[in-house]
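The structure under discussion appears below in the form of structure tokens.
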Amino acid sequence: MIHVSEPCLDGREAEYVNDVLVRKQLTHHRYVSLFENAFAELCGARHALACASGTAALHLALRALNITDGDEVIVPALTFVATANAVTYCGAVPVFVDVDPDYWCIDPINIEAAITRRTKAIIAVHLYGHPCDMDVIHRIADRHGVAVIEDAAEAHGAEYKGRMAGSLARIGCFSFYGNKILTSGEGGMVTVRDTPTATRVALLRGQGMEPNRRYWHTVVGFNYRMTEMQAAVGLAQVERAAHHFEARYIVAEWYRDCLQREVDTGRVTFQAQQAWAKSADWMVVAKLHRKASVSEVENALARDGIETRPVFIPMHRLPPYHDHHLSCPVAEDLATWGICLPTHAAMSHNDVARVCERLRMAI
């Protein structure tokens, strides 16, 4: 069986988790701090604050920026639902805009058109590991006085003009779910440029309790702490980050080489790699060209022991956010014809060749 994703746990994960058990300190302690420091250094961020999940990271980022009832937050139509849900948790309204037809991240042209007097933030999602065009997004945000949040849940190790994902905005968010490039099983991280915002994130993460006065809660906070065992796994992953990043890049290159003829003949399109970006290649996505449906291709590959996934359903087509009047043709087209191929560090060249052969037969 070739799984669509699989964690690579070939570092000191077991050693560190066992050390946590020996120490009998299971909550926010030594390994959380070590993980935060290592991840901040990896991203080139001033601060990194570990939390319970990528969704929690987004929620903390929004609340740290005082996003509240009635505010509007611009979100790409094509992303995982957590991005929109975190906005909704704040009582704010996610405003969905279409994505770029080439590299599939939020389209700056559509951002500009969607801004109103109620807009307070833009969430730039590095979809499938490819960075957004952050300089253009920041120029738009600065013109209108709105904040930018970097959703790098899928983009560990991605680069934009030589700068690492997680350092491209005032505040950034990561996920360490089991299918991510770096994983702790569950978990998230908030990266922050300035100390006051980092202090507020830390306060909100721990039920709003002041760090120097026990049981004195100055705001309504959340129980979003990361456990020591998660952080122990995460630290071991960061120590091997270069290996994880390179392995994904190699797998993605194998796919592009193996399916070049299908690209040349117009049967398959990949997410376009922009000159100003280095994608993290979290997931290799093939957009098919209307010969066979995605479900037919998924079923054909599954019969051969190859697991795949569809592309995310656009937010405005999901029941909680359904909007009959909104049209996002690029996102809708990608959701109809996109298929996520197995992408993880444990894949061999033979695995990729097998997937490509079966895909070729199915389309």
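Report the residues of the range 224-239 in range of a label on MET209: point 7 Å along Cα→C-beta, backbone N strictly under 13 Å from it.
Counting only backbone N, you get 224-225.
How large is ³J(HN,Hα) for each residue in the range 11-28, as worked out from phi by the Karplus curve 6.51 cos²θ - 1.76 cosθ + 1.60 (θ = phi - 60°), to whole Hz, x for Gly and Pro?
x, 9, 4, 5, 4, 5, 5, 4, 5, 4, 5, 5, 6, 6, 10, 8, 10, 2
Which distance in nm do the two modelled labels at THR27 and THR195 give, with both placed 7 Å along the Cα-to-Cβ direction?
A separation of 2.8 nm, rounded to one decimal place.
Can you work out ³J(HN,Hα) from phi for every residue in the range 100-108, in order, using Karplus 6.51 cos²θ - 1.76 cosθ + 1.60 and θ = phi - 60°, giving whole Hz and x for Gly and Pro?
5, x, 9, 10, 6, 8, 3, 8, x
Match the structure shown to one of the listed values (i) 35.4, 147; (ii) 19.7, 58; (iii) 20.4, 66 of Rg and Dmax of the Cα atoms in Å, computed from it, and give that label.
(iii)
Mind sorting LEU127, LEU235, LEU49 by how few other Cβ atoms lie within 10 Å of their own Cβ, fewest first?
Numbers: LEU127 31, LEU235 24, LEU49 27.
If I rank by nearby Cβ atoms, fewest first, I get LEU235, LEU49, LEU127.
Report, ordered by chain and residue number, the lysines lying within cross-link reach of LYS161, taken as a straight Cα distance under 21 Å and ignoring same-chain residues fewer than 8 apart.
LYS278
With a cut-off of 12 Å, note down the residues of the range 279-308 whose backbone N falls inside the zone around a label point 7 Å from the Cα of TYR249 toward its beta carbon.
Residues 279-281 qualify, since their backbone N sits under 12 Å from the label point.
Efficiency by 1/(1 + (r/R0)^6): what FRET value for ASN66 and HIS324, r their Cβ-Cβ distance, R0 = 35 Å, to the nearest 0.05? Mind dumping the intermediate values first?
Working: r = 32 Å, r/R0 = 0.91.
The computed FRET efficiency comes out at 0.65.
Using the Cβ atoms and a cut-off under 13 Å, what net charge is assigned to the surroundings of ALA92, where Lys and Arg are +1 and Asp and Glu are -1? Could the numbers behind the result be given before it?
On the way: positive: ARG63, ARG118, LYS120; negative: ASP69, ASP71, GLU72.
Computed value for this residue: 0.
Determine which aspartates and glutamates satisfy two conditions relative to LYS120: a Cα distance under 17 Å, and not lying fewer than 8 residues away in the same chain.
ASP69, ASP71, GLU72, GLU112, ASP142, GLU150, ASP151
Can you pull the one-decimal nm distance between simple spin-label points at ARG143 and GLU41, each 7 Å off the Cα toward Cβ?
4.1
Using the 10 angstrom Cβ neighbour count as an exposure proxy, how do ASP98, ASP351, ASP10 rank, fewest first? Provide the component values of the computation, followed by the final result.
Working: ASP98 25, ASP351 17, ASP10 13.
Ordered by Cβ neighbours within 10 Å, fewest first: ASP10, ASP351, ASP98.
Please report the net charge: other residues with Cβ closer than 14 Å to the Cβ of ALA56, K and R +1, D and E -1. It would help to have the intermediate numbers written out before the result.
Working: positive: ARG63, ARG205, ARG225; negative: ASP151, GLU186.
In short, +1.
Under 13 Å Cα to Cα from LYS180, which aspartates and glutamates show up? Leave out anything in the same chain fewer than 8 places away.
GLU6, GLU154, ASP281
Can you show me the helix-derived [θ] at 222 nm for the chain, built from DSSP H runs with n ≥ 4 at -39,500 (n - 2.57) apiece and divided by the number of residues, rounded to the nearest 500.
Values: 13 runs with 141 residues, N = 363.
After summing the helix terms and dividing by the residues of the chain, the value is -11500 deg cm²/dmol.
Which net charge results when you count Lys and Arg as +1 and Asp and Glu as -1 among the other residues whose beta-carbon is under 13 Å from that of MET361?
Combined, the nearby Lys, Arg, Asp and Glu give +2.
Set Lys and Arg Cβ to +1 and Asp and Glu Cβ to -1, take the dipole of the chain about its Cα centre, and tell me which of ILE306, LEU34, CYS328 lies farthest positive.
Of the candidates, LEU34 comes out farthest on the positive side.
Coordinate-derived values only; no laboratory data. Note that this is a predicted model, so its numbers are computed, not measured. Note: ideal-geometry Cβ built from the backbone for every residue, glycine included; neighbour counts use all protein chains shown.
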